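Below: the structure, in structure tokens.
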2 protein chains.
Amino acid sequence: MTHDHSSCCGGHGHSHGHAHHHDHNHAPHAGPAEAHADLSGAPEAPILVEVTRGGMVESVHRGRACIVDAGGRVLARWGDIESPVYPRSAIKSLQAIPLVETGALDAFGLGDAELALACSSHNGETAHTSLAESWLARVGLSVADYECGEQVPYDPGTAEDMVRAGEAPTAFHNNCSGKHAGFLTTARHKGEPTKGYVRRDHPVQQRILGVMEQMTGTDLSNAPWGIDGCSIPTFGIPLGNIALAMARIADPSDLPDARAEAVTRIAKAWAAHPYLIGGRDTFDTAMMEAADGLVLTKVGAEGVGCALLPGQGIGIALKIEDGTSRAREVAMAALIRATRTLSDVHWSRAAALLRTPIASRRGAEVGEIRTAAGWPGL
Amino acid sequence: MTHDHSSCCGGHGHSHGHAHHHDHNHAPHAGPAEAHADLSGAPEAPILVEVTRGGMVESVHRGRACIVDAGGRVLARWGDIESPVYPRSAIKSLQAIPLVETGALDAFGLGDAELALACSSHNGETAHTSLAESWLARVGLSVADYECGEQVPYDPGTAEDMVRAGEAPTAFHNNCSGKHAGFLTTARHKGEPTKGYVRRDHPVQQRILGVMEQMTGTDLSNAPWGIDGCSIPTFGIPLGNIALAMARIADPSDLPDARAEAVTRIAKAWAAHPYLIGGRDTFDTAMMEAADGLVLTKVGAEGVGCALLPGQGIGIALKIEDGTSRAREVAMAALIRATRTLSDVHWSRAAALLRTPIASRRGAEVGEIRTAAGWPGL
């Protein structure tokens, strides 16, 4: 990590340099009834990503991000990192801690593959669903015990195959089926009822709440919260504290021994099974396969992303203001690049993640999704 | 249209009223290496739409919009309406003008249904593709003459049926196949080569460029431009001028006779065939079916939307900064509502357009997409 301010934090007053202000003279004249509403008020979020088409920036994406170390030192930041963010699926690694700490994983003879699947938002490919299926069987449960709901697989090829075969999606195809298998396994191991394990007051969720508070360094008792797509609670946590929790996985030296051991094991499983974390054509799998284990990443819904650099004790958290995946992916790649952890060889494999071409329906390149001009560190 | 400033333009200094600023104390401490990049610089765009989950606004969408009359008077505006916007598919009604004005539509015995399809971004349902097919046959052309490219139908049910039947998508399923049928028909009628009709220098596109300049009141010779998804040029036009063109369709009294006649015919076809404009579960079809012809709407890619109120000579244009459809739909419904054109009966049919529930995968309502607090006129 290079702490070069002029490189990390340039771009002040940047005006985009595109044709945004062309042709003002022809706008309709403002009549006496003209009025101008200002409805702003969200946390400050600079433009991180721009979408071009031909000679113009067509759309932009604002976001907030930070890079922190395990001591809570903010090494770089973009926008407001104090306002709460729902981390959604980006912190499944934290939600997997009780699975290890309670001894449930070992008690059932489960291994790194299952632990990686617990941290995943997977594609619903056979590689993922068959592992979830054998896992549930091993703890004596079935698909009927899931409370995450059915989901059409994210992977379009798998989804099409199922339509062709007349197969309906099940809870195994839910991108969270590994995480929920972990919840069920922990409840089973502790002798708790599995029914209702998604509810905030269930011991499974209460344990996770405690883990989240410790790892993020926050008191969540009065935090805003909501229900995630897979029916479990998600808590609003300042973005900087989400990054802090990731940094503590990367550098667990200040954690209690049992927790340090658990997160080290989780990081090892996460790094060892990039395909289980996402799957075909997913950001996480592509980024981690390119990075040779130097970076761990995890996407979340509504434009949230987390990453950590195990060798450097650094955590990264990102929230795209508008919740879009296309911006999250390009911005997360750029944040990782800004840490200067990966070599040119790594980036030659992951170049497509830094810049997404936009094609016409005939396949001609007509634009791109890229970091905004003035982005630091590139 | 009520020109009530206090209602149309309230919301200044609005602070959202949600728990955005909860729990600041626990953020990581800013160390000496902290830095703060400001990468802003896009056209000013207030928050128009917010996405909630439980006790918090999770994501927000900024945008720019205006309501203007046919004289170019701005009746209401949100953000910068002078910077150029690619109107994409939202102005297919303008691109259909030469189809009528050249006499091509009548010469081939085509009617309102085909004219509506020329203005559509359709779902690729059989209702749409069969009409495009019979139309091309009538002008002596085939699917091979299309230069828009193949597309999987927008309608998920149709797409699934095709997968089940082992059918590959064709250019008829392209949401622009009606517009392109119009282009081909005009070229055929004028004795121009059909090959290359999508190119900027082809007479078909040159005619449209002239129409766009006249209807929007802009000189586009040096405008930024790019290639649309269907391979034709799209030009950057100030948002206010896009709205002006819509207002001129609504009130063509100042247009030359032939053009006034053409846009009147287009508006009539557009109003008569809401299903052809979009299809099942599309915003345009739902909004227009609810509105009994009092409002015509048309979505475009990257968060653009246009609408007009034929009875009131008013045009509306909208650009969501981040290009998302979910925000465009809620914002466009709110803009229409702000004009106070529709009755409670109309809105009772279209209530779902003003507020989109967000459900968990088990179907529980866990949040909503809604206009930002402080939105005027609601």
- Message: Could you check the range B:133-147 and list, in sequence order, the residues that are touching an Asp or Glu at 6+ places or on another chain (Cβ under 9 Å) and either within 14 Å of chain A (Cβ to nearest Cβ) or within 15 Å of residue B:169 (Cβ to Cβ) (or both)?
- Response: B:143
- Name the single residue, out of those in the range B:196-237 being outside any helix (DSSP H, G or I) and more than 14 Å from chain A (Cβ to nearest Cβ), that is surrounded by the fewest Cβ atoms within 10 Å (Cβ to Cβ). B:201
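Kindly provide the set of residues from the range B:330-378 that are in contact (Cβ under 8 Å) with a residue 60 or more places away in the chain, assigned to a strand (DSSP E or B) and not hydrophobic (A, V, I, L, M, F, W, C), ordered by number.
Taking the range B:330-378 and keeping what is in contact (Cβ under 8 Å) with a residue 60 or more places away in the chain, we get B:330-331, B:334-335, B:338-341, B:349-350, B:352-353, B:358, B:366-377.
After this cut, where a residue has to be assigned to a strand (DSSP E or B) as well, the list is B:358, B:366-371.
Listed by number, the residues that qualify are B:367, B:368, B:370, B:371.
Take the residues in the range A:66-79 that are in contact with a Lys or Arg (Cβ under 7 Å, 6 or more places away or on another chain) and surrounded by 24 or more Cβ atoms within 10 Å (Cβ to Cβ); name whichever of them is modelled with the highest pLDDT.
Our first condition is that a residue be in contact with a Lys or Arg (Cβ under 7 Å, 6 or more places away or on another chain); within the range A:66-79, this holds for A:66, A:70, A:78-79.
Checking the rest, the ones that are also surrounded by 24 or more Cβ atoms within 10 Å (Cβ to Cβ) come to A:66, A:78-79.
Numbers: A:66: 97, A:78: 94, A:79: 94.
Among them, the one singled out is A:66.
I'd like to check something: does the range B:300-316 contain any residue that is at the interface with chain A (Cβ under 10 Å from one of its Cβ atoms), modelled with pLDDT of 95 or more, in contact with a strand residue (DSSP E or B) (Cβ under 6 Å, 6 or more places away or on another chain) and part of a loop (DSSP other than H, G, I, E, B)? Walk me through how you get there before you give the answer.
Of the residues in the range B:300-316, the ones at the interface with chain A (Cβ under 10 Å from one of its Cβ atoms) are B:301-304, B:315.
Cutting the leftovers down to modelled with pLDDT of 95 or more gives us B:301-304, B:315.
Still in the list and also in contact with a strand residue (DSSP E or B) (Cβ under 6 Å, 6 or more places away or on another chain): B:302-304, B:315.
Now drop any that are not part of a loop (DSSP other than H, G, I, E, B), which leaves B:302-303.
Yes, because at least one residue in the range B:300-316 is at the interface with chain A (Cβ under 10 Å from one of its Cβ atoms), modelled with pLDDT of 95 or more, in contact with a strand residue (DSSP E or B) (Cβ under 6 Å, 6 or more places away or on another chain) and part of a loop (DSSP other than H, G, I, E, B).
For the range B:268-275, check the following and say yes or no: at least one residue is surrounded by fewer than 18 Cβ atoms within 10 Å (Cβ to Cβ) and closer than 24 Å to residue B:302 by Cα. Give the derivation first.
The initial filter retains those residues of the range B:268-275 that are surrounded by fewer than 18 Cβ atoms within 10 Å (Cβ to Cβ), namely B:268, B:272.
Next, from what is left, pick out any that are closer than 24 Å to residue B:302 by Cα: none.
Within the range B:268-275, not a single residue is surrounded by fewer than 18 Cβ atoms within 10 Å (Cβ to Cβ) and closer than 24 Å to residue B:302 by Cα.
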- Task: Identify the residue in the range B:81-113 that is in contact (Cβ under 8 Å) with a residue 60 or more places away in the chain and of a type in the set (D, E, K, R) and, among all such residues, is surrounded by the fewest Cβ atoms within 10 Å (Cβ to Cβ).
- Result: B:112
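Looking only at the range A:80-120, how many residues end up being touching a Gly at 6+ places or on another chain (Cβ under 7 Å), part of a loop (DSSP other than H, G, I, E, B) and of a type in the set (Gly, Ala, Ser)?
Residues of the range A:80-120 that are touching a Gly at 6+ places or on another chain (Cβ under 7 Å), as a first pass: A:81-82, A:84-90, A:96, A:99, A:117-118, A:120.
Filter once more, so that each one left must be part of a loop (DSSP other than H, G, I, E, B): A:81-82, A:86-87, A:96, A:120.
Right, trim to of a type in the set (Gly, Ala, Ser) and you get A:96, A:120.
Looking only at that region, the number is 2.
Residues of the range B:249-299 being assigned to a loop (DSSP other than H, G, I, E, B) and more than 14 Å from the chain's Cα centre (by Cα), which ones? Outline the logic, then answer.
If we filter the range B:249-299 for residues that are assigned to a loop (DSSP other than H, G, I, E, B), which is where we start, we get B:251, B:255-256, B:273, B:278-282, B:291-295.
Listed by number, the residues that qualify are B:251, B:255, B:256, B:273, B:279, B:280, B:281, B:291, B:292, B:293, B:294.
Consider residue B:330 carefully, then state whether it is away from chain A (no Cβ under 12 Å), under 24 Å from residue A:49 (Cα atoms) and in contact with a Phe, Trp or Tyr (Cβ under 9 Å, 6 or more places away or on another chain). Write out each step before concluding.
Working: away from chain A (no Cβ under 12 Å): yes; under 24 Å from residue A:49 (Cα atoms): yes; in contact with a Phe, Trp or Tyr (Cβ under 9 Å, 6 or more places away or on another chain): no.
Criteria not met by residue B:330.
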- Kindly establish whether residue A:323 is within 24 Å of residue B:88 (Cβ to Cβ), modelled with pLDDT of 95 or more and either out of contact with any helix residue (DSSP H, G or I) (no Cβ under 7 Å at 6 or more places or on another chain) or within 14 Å of chain B (Cβ to nearest Cβ) (or both). yes
- Name, by its number, the condition in (1) touching a residue at least 40 places away in the same chain (Cβ under 8 Å); (2) farther than 22 Å from residue B:173 by Cα; (3) crowded, with 19+ Cβ neighbours inside 10 Å; (4) hydrophobic (A, V, I, L, M, F, W, C) that does not hold for residue B:299. (2)
- Task: Go through the range B:238-264 and give me each residue that's within 20 Å of residue B:178 (Cα to Cα) and surrounded by fewer than 21 Cβ atoms within 10 Å (Cβ to Cβ).
- Result: B:264
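Give the residues of the range B:295-348 that are of a type in the set (Val, Ile, Thr) and closer than 15 Å to residue B:283 by Cα, sorted by residue number. Write out each step before concluding.
At the first step, the residues of the range B:295-348 found to be of a type in the set (Val, Ile, Thr) are B:295, B:297, B:299, B:304, B:314, B:316, B:320, B:324, B:330, B:336, B:339, B:341, B:345.
Listed by number, the residues that qualify are B:295, B:297, B:299, B:304, B:324, B:330, B:336.
The values are calculated or read from the model by the stated rules, or taken from the named source; none is laboratory data. As the structure is a computational prediction, the values presented were derived from the model and not from experiment. For neighbour counting, all protein chains shown are included, and Cβ atoms are generated from backbone atoms with ideal geometry for every residue, glycine included.
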